[in-house]
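See below for the structure under consideration.
Quick note: the coordinates plus some simple rules give every number you see, no bench work behind them. Quick caveat: nothing in here was measured; it's all calculated off a predicted structure. Using ideal geometry, Cβ is built from the backbone for each residue, glycine included, and neighbour counts are taken over all protein chains shown.
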Amino acid sequence: MDKSQLIHSNRVRTPQIAVWRDYLTMTKPKVVAMLLLTALVGMCLAVQGIPPADAVILGLTGIGFQSAAAAAFNHVLDRRFDAKMARTYHRPLAKGRIETWKAVVFAMTLMLVGFGLLMILNALTAWLTMASLVGYALIYTVWLKHATPQNIVIGGLAGAAPPLLGWTAVTGQIDPHALLLVMLVFAWTPPHFWALAIHRRDDYAKAGIPMLPVTHGIEYTKTMVLLYTVILFAVGLLPWLTNMSGWVYLIGSSALNVGFLGYALKLKFFDNEGHAWATFKYSIWHLLALFVVLLADHWLLPWYG
């Protein structure tokens with residue numbers, strides 16, 4: 001192939017690669033990966049030993065498709081607001097790189113395929129996952145996000161569901177211990193998201209979205225971050241207090257929560273430029289590590305319990 005043919009070939013392939021990346025971007029793959037980790041831990045904690053392969057494969061694939069569908073619907077419904085914000089103006093629909101109807105078809109396809117896979121597994125997981133999708137993509141994105149500064153507290157329940165979904169994928173039933181996992185993510189969500197909202201306060205104000213720093217001010221939001229971090233610390237003790245987890249979890253989770261509390265205290269009383277963003281980034285690693293510690297404790301508990 002000569003030089004001119006190579007240049008022509010690259011010109012032909014580049015738009016196709018860009019479109020593929022745009023569709024992937026709409027699924028929020030990093031967020032979905034985090035959700036799937038919490039779902040996997042829920043699966044593992046539901047049983048002694050290794051969970052059944054069919055439950056893991058069908059469950060994670062179905063939950064992943066449904067989560068990706070919810071993310072794509074969020075892109076569709078928020079496209080006008082995304083265009084006004086520095087954090088999101090480059091998204092495919094906000095930039096007009098993908099037509100809205102194509103994004104809707106894409107999201108619907110992911111949703112139906114994911115629902116079908118979960119129905120093969122069990123109906124409870126399929127319908128709970130669908131309820132989470134509706135809660136995030138419609139109730140939160142369309143209504144709560146624009147109706148109240150407590151949007152992320154109420155709407156956070158949908159994002160807290162994956163550990164429960166993983167549990168039901170394996171057992172076919174809801175267990176109180178699975179609800180404890182939901183409580184962990186539910187308590188973690190407000191300080192995680194409000195740290196980002198402080199960092200992006202002007203963005204939300206420009207887009208007219210009533211996030212807490214916009215409606216009540218940054219100092220008030222810092223207080224709420226600190227308060228919810230304390231709540232998270234208390235909720236984090238429940239798996240140990242209920243004998244769901246052992247000393248490995250207690251020590252690991254306490255260390256992680258002390259770290260989060262340190263970030264929240266600095267944010268409130270000794271803030272400096274960029275610390276809200278640093279708190280947001282720590283919160284991501286905090287949740288990932290917390291669920292890894294849960295899993296490690298579960299597998300080690302028979303040896304030291």
Any chance you could run the full-extension gain for Lys266 through Lys95? It's 0.36 nm times the residue separation minus the Cα-Cα distance, nm to one decimal. 57.8 nm
What is the calculated FRET efficiency for Asp202 to Gln150, with r their C-beta to C-beta distance and R₀ = 22 Å, to the nearest 0.05? 0.60
What number do you get for the chain when its Cα radius of gyration is normalised by 2.2 N^0.38 Å, N = residues? 1.07
Once the principal axes of the Cα atoms of the range 117-165 are found, what is the range along each, listed largest first in whole angstroms? 38, 18, 11
The correct pair for the range 158-305, radius of gyration to one decimal and Dmax as a whole number, both in Å and from Cα atoms, is 16.7, 55
Would you mind pulling out the separation of the Cα centroids of the range 200-218 and the range 226-243, in Å? 28
Rg followed by Dmax, in Å, when the range 77-136 is reduced to its Cα trace: 14.7, 42
Stretch gain in nm, segment Ile174-Val134, where the contour uses 0.36 nm per residue and the Cα spacing is subtracted: 12.4 nm
Give the peptides 260-270, 79-89, 165-175, 62-72 in descending order of average Cβ contacts within 10 Å, highest first. 62-72, 165-175, 260-270, 79-89
Using 0.36 nm times the number of residues separating Asn243 and Ala296, minus their current alpha carbon distance, what extension gain do you get? 17.6 nm
Can you sort Met26, Met130 so the residue with the fewest Cβ neighbours within 10 Å comes first? Met130, Met26
Say the cut-off is 22 Å between C-alpha atoms; which of Lys84/Lys266; Lys28/Lys84; Lys28/Lys145 go over it? Lys84/Lys266
Straight-line reach check, Lys268, cutoff 18 Å on alpha carbons, 8 or more apart in-chain or any other chain, hits among lysines -> Lys222, Lys281
